[in-house]
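Report on the structure given below.
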Amino acid sequence: MWVHPLNSTRPSEGAFNLLFENIRKDPVKFFNYFGMSVSAFDELLTMYLGTRLLGIDTNMRKSITPAEKLAVTLRYLGTGCTFIDLHYTFKLGASTVGNIVREVCIAVWEELAHIEMPSLTEQLWKNTAEMFEQRANFPHCLGAVDGKHIRIIKPTGTGSQHFNYKHYFSIVLLAVVDANYKFLYIDVGSFGKDSDSTIFKKSTLWNLLTRNELNIPKACPITNTNIVPNYVFVGDEAFGLSEHVLRPYGGRNLTNKKRIFNYRLSRARRYVECAFGILSNKWRIFHRPLNVNTELAVNITNACCVLHNFVRERNGIDFKDSLTVEGFEEINPVIVDHGGRTAIDMRNIYADYFYSEGAVSWQHDK
């Protein structure tokens, strides 16, 4: 039967509509399939992405709907399957799937990043510090910072720039996380050969920090004490010690005070590790090397971090997802700057606090 071109549909449209409507009827299946609730999906589509993802119908066929584009992308990010796999599932061309994923990831970042990762204001830092003090017993903490390797297939024409110490190719995700496992700041795309400290000192965050333009609150006394330390970020051994960045004491034969400081620091720093675990276990695209060009790998990572915050706020987390960090590897540990006298004194102030007024009963058991 001949069908007028204006009324023709794409071969995949009916299959998608049937699949989508059937899954929507079961909230559990929907969440497992798309990684978010029905209400979150609808909010993401109607409030932020729907207009942006609209295509143009032609005389020959209808365009792919925003709902189908979002569904394809979430399935790609959530399962780690290939464009070929989605070609069979959604009855779309593999190259079309790739174009859709790129379009949606860019749209997610540009439309939601300023909402899900708001400006780093003084009030935001104060709220973050209060949360860390309540949940991690670490006062004046602005966030936990760390970096992770994201596996990629060797980019053409890049030599060994992306080849890391684990002997595979990667880009680096540098992140600052709050005590609610949400990303406050990310820097994506540095070469895999670089160390955490190098990447951190090349980031916009560090540049703003060194120019005193990060809106960090002025030093004030810790609650119920006369101790007045700076507000600080907490990191691991890969980061240099500075007035606003704390790292653990090095060495094996540490005093009890230094050992306790390292333990208390690790309790605050675990939030960034847990956030990476939640990110990689929900968006399982990170469980395999990204077989895309470097630009798209950055787009995918940016989008997943924004979606992580979006879903975290609306649907919470499955805590077991935070216990392992699959798909990510630590950055190469290197000898870094141990800090000047002021930085060393600042770490000692925190160590003294945790050993005296800020002591908790269970810290001596660790």
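The values are calculated or read from the model by the stated rules, or taken from the named source; none is laboratory data. These numbers were taken from a predicted model, which means no experiment stands behind them. FYI the Cβ positions are ideal-geometry reconstructions off the backbone, even for glycines, and counts take in every protein chain you see. For the accessible areas, the whole protein counts, side chains as well, though only heavy atoms, and no ligand, DNA or RNA atoms are used. Shrake-Rupley method; radii C 1.70, N 1.55, O 1.52, S 1.80 Å.
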> How many residues are part of a loop (DSSP other than H, G, I, E, B) and touching a Ser or Thr at 6+ places or on another chain (Cβ under 8 Å) if we restrict to region 121-173?
Replying inline: 5
> Mind checking which residues of region 149-199 are within 28 Å of A129 (Cα to Cα), at pLDDT below 90 and among the hydroxyl-bearing types (S, T, Y)?
Replying inline: S195, S197, T198
>> Could you check region 330-366 and list, in sequence order, the residues that are charged (D, E, K, R), within 19 Å of F239 (Cβ to Cβ) and modelled with pLDDT of 90 or more?
In response: D345, R347
> Does region 122-130 contain any residue that is touching a His at 6+ places or on another chain (Cβ under 8 Å) and modelled with pLDDT under 95?
Replying inline: no
>> surrounded by 15 or more Cβ atoms within 10 Å (Cβ to Cβ) and of a type in the set (V, I, T): which single residue out of V28, V97 fits that description?
In response: V97
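Open to solvent by less than 10 Å² (accessible area, probe 1.4 Å) and either of a type outside the set (K, R) or touching a residue at least 60 places away in the same chain (Cβ under 8 Å) (or both), is that true of V145?
The answer is yes for V145.
Can you pull out the residues in region 1-37 that are polar (S, T, N, Q) and either at pLDDT 95 or above or closer than 27 Å to I285 by Cβ (or both)?
Passing the criteria: S12, N17, N22, N32, S37.
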>> Please count how many residues of region 100-119 are in a loop (DSSP other than H, G, I, E, B) and without any contact (Cβ under 8 Å) to a residue 60 or more places away in the chain.
In response: 2
> Here are some residues: V306, V298. Which one is hydrophobic (A, V, I, L, M, F, W, C), open to solvent by 20 Å² or more (accessible area, probe 1.4 Å) and within 30 Å of A40 (Cβ to Cβ)?
Replying inline: V298
> Which one of the conditions (1) open to solvent by 20 Å² or more (accessible area, probe 1.4 Å); (2) in a helix (DSSP H, G or I); (3) touching a helix residue (DSSP H, G or I) at 6+ places or on another chain (Cβ under 6 Å) does L279 fail to meet, given that it meets all the rest?
Replying inline: (1)
